[in-house]
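Note sheet for the following structure.
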Amino acid sequence: MTRVIKIFDTTLRDGEQSPGVSMALPEKLSIARELLRLKVDIIEAGFPASSPGDFASVQELARFIGSEAVVCALSRARASDIRAAGKALVHAERARIHTGLGVSPSHLKDKLHMSEDDALSSAVKAVRLARNYTGDVQFYAEDAGRAERGYLATVLAAALKAGATTLNVPDTTGALLPEQYGELISWLLAHVEGIEEATVAVHCHNDLGMATAASIAGIAAGATQIECTINGIGERAGNAALEEVAVALQLHARELDASSGICLKELTRASRLVSSLTGMAVPANKAVVGANAFAHSSGIHQDGVLKNPGTYEILSPASVGAQDMRLVLTARSGRAALRHRLGALGYTPDKSSFKQIYHRFVEIAEKKHEVYDEDLEAIMAEYGSGLEQVWKLRILQVSCGTPLIATATVVLEGPDGEEYSTCASGTGPIDATFKAIDQTAAPQADLLRFAVQAITRGSDALGEVSVQLSDREGRVFSGRAADGDIIVSSAKAYLNALNRLLLTAGSNSKGSND
Ligand code: KIV
Ligand code: ZN
């Protein structure tokens, strides 16, 4: 039968130990509510002896959580800590006290200044005292990852005998490789007397970026409880991330012979909530919940996921409550991704206008880091109508500034395929450009309206220009265009309006280039 792995969430205790993070009761209650939606088995609510505020929070959380999860309070192996934990949990329907002490040579000698024998007897006394408050006592052997194995086994066996029901084996410093941690769990399961009666918990820190891998190795070796936090927050580099271990258990349920009761669809919401309440941003490339976790950038990948998401996704965004996959449009994107995004925006250009649109997209993508939807809207405003280009802009060069006179040199390709070059001066670069275009395309039109606005973000924003011209009969023709250079967008918008006018008039006038 598949082993059911208990998920012990310590976002409110080890997570709150993240440097710079401190949560007030309302924030803790919001996180607890989300943890219940996730269906975690145990919520470590705090360390009541650490401050009156933490004591009060654990009390409130215990009331709030009710019977939906076990509520756990941390304590050192000290009588006063254990009493505080017991008191704070008095209203909990399912209370657990988590007590323990350091067992590695470094912790015994440099932190606790205790002999092995003294630490052993403190551990036993702590568990016995905790049992006076609840039948659910978890013992932690801090820094187990660096402890001497024989001594570690002796302390864990003694804690069990004293009444502990769960044994927590923390790799407090995140020092071990996943294989080493897995091997430690196997060894303990084989050498600690009475351990088969207990739940064995893995608690891994992320100092080497391997907390999730080590936790899963511990589960593969036979442990049945994982201690973790949302977004992996916690002391220093943090703890194993709940979202990562939950998804790994789901995807590898068969090999691990294990499953958890976590509601995966809540993972994205939980991640966002914890990030906003703690102020700890989630890196874009964070597994499962990062902004890029389902974003595809290169043309080859985009083509693959559009054909079948399984080509590059091992889980669906929807399964963890994330938005659909995101195709990031950059210069590396291909036609398939552009067509897909345009389709999502409601555009289905025909083959020939798509060719122009793609060409323009590549031009913009080469200048900008990412092409946003607003950029695509601007491109579609320019090309999406499938407007025939009577006159096409080939070259535009302007010189302007103070005290210069603005001049523009324009080369247009005419309807006969020839190139026509003119030069004009004006009150500014745009005026000079329009005058140079007029000399070639001889539009017989009046400029009614000219407007420019930034439509995308940043200093590399696209500037969109809209132009209205009227012909001699008073008919009005509009043109729009966008470019990172507003002089270029002005020239293109002017030509778009002009081309409409010329097509309507049926008088594709041809100027001279000399
Ligand atoms: O990392 C650790 O050892 C701990 C214990 C208090 C369980 O957080
Ligand atoms: Zn820890």
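Data overview
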| read-out | value |
| --- | --- |
| Residue check for ILE42: in contact (Cβ under 8 Å) with a residue 40 or more places away in the chain, within 25 Å of VAL247 (Cβ to Cβ) and open to solvent by less than 50 Å² (accessible area, probe 1.4 Å) | yes |
| Test: residue in the stretch 226-233 that is more than 20 Å from the chain's Cα centre (by Cα) and either in the same structural domain as SER319 (by TED's automatic domain parsing) or within 16 Å of ligand 2 (Cβ to nearest atom) (or both) | yes |
| Only one of ALA240, ALA331, ALA220 that is modelled with pLDDT of 95 or more, away from ligand 2 (no atom under 16 Å from the Cβ) and not charged (D, E, K, R) | ALA220 |
| Residue within the stretch 162-177 that is under 36 Å from the mean Cα position of the chain (by Cα), more than 14 Å from ligand 1 (Cβ to nearest atom) and open to solvent by 20 Å² or more (accessible area, probe 1.4 Å) present | yes |
| Residue check for VAL4: over 20 Å from GLY234 (Cα atoms), in contact with a Lys or Arg (Cβ under 7 Å, 6 or more places away or on another chain) and either within 16 Å of ligand 1 (Cβ to nearest atom) or of a type in the set (A, V, I, L, M) (or both) | no |
| From LYS307, LYS367, residue being of a type in the set (D, E, K, R), open to solvent by 40 Å² or more (accessible area, probe 1.4 Å) and at pLDDT 90 or above | LYS307 |
| Number of the exception - LYS355 against (1) modelled with pLDDT of 85 or more; (2) over 29 Å from ALA505 (Cα atoms); (3) open to solvent by 70 Å² or more (accessible area, probe 1.4 Å) | (2) |
| Selection status of HIS359, over 24 Å from the mean Cα position of the chain (by Cα) and farther than 29 Å from ILE262 by Cβ | yes |
| Condition check for THR427: over 25 Å from GLN356 (Cβ atoms) and of a type in the set (Ser, Thr, Tyr) | yes |
| Qualifying positions in the stretch 182-208 - within 16 Å of ligand 2 (Cβ to nearest atom), free of Cβ contacts under 8 Å to residues at least 40 places away in the same chain and of a type outside the set (A, V, I, L, M, F, W, C) | HIS205, ASN206, ASP207 |
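Here is a yes/no grid of residues against (1) in the same structural domain as LYS28 (by TED's automatic domain parsing); (2) of a type in the set (Gly, Ala, Ser); (3) over 14 Å from ILE233 (Cα atoms):
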{"residue": "VAL274", "(1), (2), (3)": "yes, no, no"}
{"residue": "ALA284", "(1), (2), (3)": "no, yes, yes"}
{"residue": "ALA287", "(1), (2), (3)": "no, yes, no"}
{"residue": "HIS301", "(1), (2), (3)": "no, no, yes"}
{"residue": "GLY304", "(1), (2), (3)": "no, yes, yes"}
{"residue": "ASN308", "(1), (2), (3)": "no, no, yes"}
{"residue": "TYR312", "(1), (2), (3)": "no, no, yes"}
{"residue": "SER316", "(1), (2), (3)": "no, yes, yes"}
{"residue": "SER319", "(1), (2), (3)": "no, yes, yes"}
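The values are calculated or read from the model by the stated rules, or taken from the named source; none is laboratory data. None of these values were measured; they are calculated from a predicted model. Glycine also receives a Cβ, built like all others from the backbone with ideal geometry; neighbour counts cover every protein chain displayed. Areas reflect the complete protein model, heavy atoms only, side chains present, ligands, DNA and RNA absent. Shrake-Rupley method; radii C 1.70, N 1.55, O 1.52, S 1.80 Å.
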